[in-house]
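The values are calculated or read from the model by the stated rules, or taken from the named source; none is laboratory data. Everything quoted here is computed from the prediction, not taken from an experiment. Positions of Cβ are generated from backbone atoms using ideal geometry, with glycine treated the same way; all protein chains shown enter the neighbour counts. Areas reflect the complete protein model, heavy atoms only, side chains present, ligands, DNA and RNA absent. Shrake-Rupley method; radii C 1.70, N 1.55, O 1.52, S 1.80 Å.
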Amino acid sequence: MDRKKQFVAGNWKMNGSLAENRELLNELMELVKDADAEVVVFPPAIYIQQVASITEGSNIKVGVQNVSAEAKGAFTGEISLAMVEDFGCRYVLIGHSERRTLYGETDADVAKKMKAVVDAGLIPVICVGETLEERESGRTEAVIKQQLTSVIDAIGIDAFKEAIIAYEPVWAIGTGKTATPEEAESVHNFILCTLKSYDDKISNLVRVVYGGSVNASNVESLFAQENIDGALVGGASLKAKEFAKIVLA
Ligand code: PEP
């Protein structure tokens, strides 16, 4: 099978300002204008309009870091999918480990959000990954399986048709520690086998990207792995030159 198109996304988390975003994007747009990869940035929601307007006509697309599964109403502090779509966002990050650990998002919440995103015709980028304690006790695959199958069993495998799965070991996020290319590849392969056990065709469509302290120095060895179809990048996505090197790797 041909290699899937690489997907490289920058999760800005709670960083940025009007001035910083403008500077970062102006530099980045120039650096990645000929990239083969699909490039997406996930700014804080309040900056989506600014980012969409700066990147209009470029090959950089915009996503949202989190969304409510509810359509509208009394949900103070939340934003809906219709609002996200209003600003031209096509990608939605779901179940990032910071949402799971800091804000108590459960597998059931992740499934609900994923269903809402898919029903709206948008593209979910769903994050899975084990903690250090889970890895050290040999439970990595069991954890990943639980995170995936709880969603598949709740909303069906078809929801994954256009999805991107980000394998992000929690112990590698923002820590400077990266899974070795072999460790990452082994989990990516496990994710694809899990999908395959439900639907062969869908496992051939889904891209599995790696996240966890990806930078310009470690990206090539990660991307050299057969089943690593791109990266979800936190810290390094805030530096235009560094992020561009990852996009172009
Ligand atoms: C992330 O936030 O998804 C992430 C992978 O962060 P970092 O690259 O900083 O580890």
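Based on what the data block shows, is K161 under 16 Å from K5 (Cα atoms) and either open to solvent by 10 Å² or more (accessible area, probe 1.4 Å) or more than 12 Å from the ligand (Cβ to nearest atom) (or both)? Considered against the rule, which asks whether it is under 16 Å from K5 (Cα atoms) and either open to solvent by 10 Å² or more (accessible area, probe 1.4 Å) or more than 12 Å from the ligand (Cβ to nearest atom) (or both), K161 comes out as yes. Across segment 132-149, the number of residues qualifying as at pLDDT below 95 and under 25 Å from S68 (Cα atoms) comes to 0. Counting only residues that are open to solvent by less than 40 Å² (accessible area, probe 1.4 Å), more than 16 Å from the ligand (Cβ to nearest atom) and either within 22 Å of V41 (Cβ to Cβ) or touching a Cys at 6+ places or on another chain (Cβ under 9 Å) (or both), how many does segment 77-115 have? The total comes to 6. In the set (1) within 15 Å of the ligand (Cβ to nearest atom); (2) without any contact (Cβ under 8 Å) to a residue 60 or more places away in the chain; (3) of a type outside the set (S, T, N, Q); (4) open to solvent by 30 Å² or more (accessible area, probe 1.4 Å), A179 fails one condition alone, (4).
Restricting attention to segment 197-206, does a residue exist that is within 16 Å of the ligand (Cβ to nearest atom) and either surrounded by 17 or more Cβ atoms within 10 Å (Cβ to Cβ) or basic (K, R) (or both)?
no
For segment 166-178, filtering for residues that are out of contact with any helix residue (DSSP H, G or I) (no Cβ under 6 Å at 6 or more places or on another chain) and not in a loop (DSSP other than H, G, I, E, B) leaves 2.
Restricted to segment 146-162, and to residues there that are farther than 11 Å from K115 by Cα and either basic (K, R) or assigned to a loop (DSSP other than H, G, I, E, B) (or both), the residue that is nearest to the chain's Cα centre (by Cα) is E162.
Matching residues to (1) closer than 21 Å to R207 by Cα; (2) free of Cβ contacts under 8 Å to residues at least 40 places away in the same chain; (3) open to solvent by 40 Å² or more (accessible area, probe 1.4 Å):
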residue	(1), (2), (3)
F7	yes, no, no
L18	no, yes, yes
N26	no, yes, yes
Q49	no, yes, yes
S53	no, yes, yes
E56	no, yes, yes
V62	yes, yes, no
V67	no, no, no
F75	no, yes, yes
